[in-house]
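In what follows, a single structure is set out as structure tokens and then discussed.
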Amino acid sequence: MDISSYVLLSHEQALRRRLDVAANNMANMSTVGFKREQPVFREYVEPTGDTDVKAARNTSFVLDFGAIHDTAAGSFQPTGNPLDLMIDGPGYLAVETPEGDTAYTRAGFVKVLESGDLATAGGQRILGEGGNPINIPPEMQGRLTHGADGSVIGPDGPLGRIAVTVFEDERALSPRGDGMMTGDGARELPAAETKLKTGGVEGSNVQAIVETTSMVEILRAYQTSMRMSEALNDMRKTAIDKLGRAS
């Protein structure tokens, strides 16, 4: 293949990546706490050597640079469970994974395990201040409320505080594939900066019309790229045919 085919191929690979991301966003429209992803690309310039055409001395390719999350908040969805919560602002709940590591999520379904520890719907223990689990005595289970600052309050007073963790750079977070994320550079918010809504969870911030429009644009761009590729192939065949007749 000549250089033009490689340029078109890099463009089509970028379109495939965009389509995969848009499809994943659509599939998670109903996933609690899901944040819409957007792919990021960068230009790679390859010098092609001396040529009489100045504009052709460098060739630009499209490279996949990763993905970023749209941090816009989703809508509040009431659940009727006073333990469920939504983070009002930036940040994540810190949870303990089955491997013993720390992961992060915005899915605010909360329950009490048989051990008395607060946990997510998936059974991962929710970590409080200092990275410690929050344990609820048996006699207080069923009579809990949350404060706006993350405090877990029983009939006799506070039992602990759910930590909200923020990251200076959201790009440090990587999806685990189970609705949770991992990353470095986490910082716990103090109580004064923590804002929670209780009795519900945060819905996905994916908008169907936006993703549908994006998928249509991707399809049209891919069709244009394919037509350009076919035109280049026809041009090569014509050139070879003419050279063959001339010889």
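The values are calculated or read from the model by the stated rules, or taken from the named source; none is laboratory data. In this text, all values refer to a predicted model and were calculated from it rather than measured experimentally. Glycine also receives a Cβ, built like all others from the backbone with ideal geometry; neighbour counts cover every protein chain displayed. Accessible surface is based on the protein model in full, side chains and every heavy atom, while ligands, DNA and RNA are left aside. Shrake-Rupley method; radii C 1.70, N 1.55, O 1.52, S 1.80 Å.
Couple of notes before you dig in:
- Residue, surrounded by the fewest Cβ atoms within 10 Å (Cβ to Cβ), within the stretch 130-143, restricted to residues that are at pLDDT 90 or above and more than 21 Å from Gly33 (Cβ to Cβ): Pro137
- Qualifying positions in the stretch 79-105 - in contact with a Ser or Thr (Cβ under 7 Å, 6 or more places away or on another chain), among the hydroxyl-bearing types (Ser, Thr, Tyr) and farther than 12 Å from Ala163 by Cβ: Thr105
Results for (1) touching an Asp or Glu at 6+ places or on another chain (Cβ under 7 Å); (2) modelled with pLDDT of 85 or more; (3) among the aliphatic types (A, V, I, L, M), shown as yes or no for each residue.
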residue	(1), (2), (3)
Lys197	yes, yes, no
Val206	no, yes, yes
Thr212	no, yes, no
Glu217	no, yes, no
Ala221	no, yes, yes
Met235	no, no, yes
Ala239	no, no, yes
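- Candidates are the residues of the stretch 164-210 that are within 14 Å of the chain's Cα centre (by Cα) and in a helix (DSSP H, G or I); the one that is surrounded by the most Cβ atoms within 10 Å (Cβ to Cβ) is Glu170.
- Search result, residues across the stretch 127-147 that are part of a helix (DSSP H, G or I) and either hydroxyl-bearing (Ser, Thr, Tyr) or closer than 16 Å to Arg161 by Cα (or both): Glu129, Gly130, Gly131, Met140
- Residue match in the stretch 33-54 (condition: closer than 21 Å to Leu189 by Cβ and at pLDDT 90 or above): yes
- Filter result for Gly157 (surrounded by fewer than 14 Cβ atoms within 10 Å (Cβ to Cβ), closer than 20 Å to Asp101 by Cβ and at pLDDT below 90): no
- Test: residue in the stretch 198-206 that is farther than 22 Å from Leu85 by Cα and either in contact with a His (Cβ under 9 Å, 6 or more places away or on another chain) or not hydrophobic (A, V, I, L, M, F, W, C) (or both): no
- Of note, Ile218 does not satisfy the criterion of being within 22 Å of Asn24 (Cα to Cα) and open to solvent by 80 Å² or more (accessible area, probe 1.4 Å).
- Residue check for Met226: farther than 30 Å from Thr105 by Cβ and open to solvent by less than 100 Å² (accessible area, probe 1.4 Å): yes
- Near pairs, Cβ below 9 angstrom, 6+ apart or cross-chain, from the stretch 128-139 (over 16 Å from Val110 (Cβ atoms)) to any residue that is open to solvent by 40 Å² or more (accessible area, probe 1.4 Å) and in a loop (DSSP other than H, G, I, E, B): Glu139/Pro155
- Among the residues of the stretch 27-41, those that are of a type in the set (D, E, K, R) and either part of a loop (DSSP other than H, G, I, E, B) or open to solvent by 40 Å² or more (accessible area, probe 1.4 Å) (or both) comprise Lys35, Arg36.
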